[in-house]
Amino acid sequence: MASTSETGHAKNVANFQDLIAFVTGYGATYNPSKNALKLPQLTALLTASQASLADVVTKNTAYNNKVNERVVAFKDLKSLSTRLINALQTTDASKEKVADAKTLNKKMQGIRAKAVETPTDPSTPAPNTISTSQQSYAQQIQHLAGIISVLQSEPSYTPNETDLQIATLTAKQADLTAKNSAVATAYTNVSNSRIARDTTIYGTDTGLFDIATEVKKYVKSVFGATSPQFAQIKGIVFTKKKK
């Protein structure tokens with residue numbers, strides 16, 4: 001479900017479309033001298049605003065998909081880490097080396113991924129900021145890298161199980177790194193898309209909000225404050241984005 005603020009942007013654009021429909025109905029009487037208030041420019045602004053809304057939805061869905069992919073990829077990492085320690089203990093590794101690996105595993109087990117980052121509906125809005133807790137994914141990757149390094153240093157660590165072998169673990173580390181980076185990239189994309197949307201809808205003087213306000217003033221000046229024409233549009237509400 002989209003947040004109230006996300007819904008508010010869409011409502012502004014929908015109301016702008018209604019405003020255009022009314023002023024179009026005024027025919028040649030609606031003839032502002034300011035270029036930005038003319039019908040072709042209003043229509044172009046509406047199209048740009050609708051496109052900006054759609055782009056945020058697309059980028060937001062892509063972000064959520066990358067988050068979900070990361071959740072799945074990291075799901076078994078802690079249990080895998082414990083299995084690796086158990087496997088190391090069945091080798092000729094020294095107590096000190098096993099202790100080093102156990103310390104890394106304890107760090108791995110002590111990190112909890114952000115609770116909200118579970119598979120979600122694609123319409124769920126991406127967060128406005130990257131939280132500190134999300135960095136725990138990078139930490140988990142580092143802990144895995146540490147464990148792999150310890151395992152690589154032990155000549156007797158030669159498991160028959162494919163998923164415990166160094167080559168498999170190295171590939172997994174690379175995959176986790178890629179998926180974590182993909183989330184960061186997708187977040188940047190949706191954040192930039194929101195900025196572009198806000199510029200289109202709320203930009204000073206040129207944004208939909210300010211233009212809609214001027215259109216109302218123009219109609220009021222042409223037809224009068226008590227005219228039925230102004231009565232048609234004065235109740236069309238446009239909400240300014242909160243900072």
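Taking each DSSP H run with n ≥ 4 as -39500 (n - 2.57) and averaging over every residue of the chain yields -23000 deg cm²/dmol at 222 nm. Please find the FRET efficiency linking Gln142 to Lys241, where r is the Cβ-Cβ separation and R0 is fixed at 45 Å, and quote it to the nearest 0.05. Here the calculated transfer efficiency is 0.70.
Distance between the 7 Å Cα→Cβ label points at Thr29 and Asn160: 9.1 nm. Converting phi to 3J(HN,Hα) with the Karplus coefficients 6.51, -1.76 and 1.60 and the offset θ = phi - 60°, the stretch 149-164 yields 4, 5, 4, 5, 7, 9, x, 7, 7, 9, x, 7, 6, 4, 6, 9 Hz in sequence order, with x at every glycine or proline. If you run the Gaussian network model on the chain, springs between alpha carbon atoms under 10 Å, then out of Ile141, Ile233, Ile201 the most flexible one is Ile233. Look at the alpha carbon pairs under 8 Å that are at least 6 residues apart: their mean separation over the length of the stretch 4-233 gives a relative contact order of 29 percent. Between Asp76 and Lys217, the simple label model (points 7 Å from Cα in the Cβ direction) yields a spacing of 6.4 nm.
A convex hull fitted to the Cα coordinates of the chain yields 130 cubic angstrom per residue. Straight distance only, please: which lysines reach the Cα of Lys59 with their own Cα at less than 24 Å, same-chain residues fewer than 8 apart left out? Reachable lysines: Lys11, Lys114, Lys179, Lys240, Lys241, Lys242, Lys243. Taking 0.36 nm per residue of separation and subtracting the Cα-Cα distance, full extension of the segment from Asp205 to Thr7 would add 69.0 nm. Between Gln89 and Ala51, how many nm apart are label points set 7 Å from Cα along the C-beta direction? It is 6.2 nm.
GNM on the chain, C-alpha springs below 10 Å: top fluctuator among Ser136, Ser191, Ser49? Its mean-square fluctuation being the largest, the pick is Ser136.
Read the figures in this text as sums done on the coordinates, not as results from a lab. In this text, all values refer to a predicted model and were calculated from it rather than measured experimentally. Cβ: placed from backbone, ideal geometry, glycine included. Neighbour counts: every protein chain shown.
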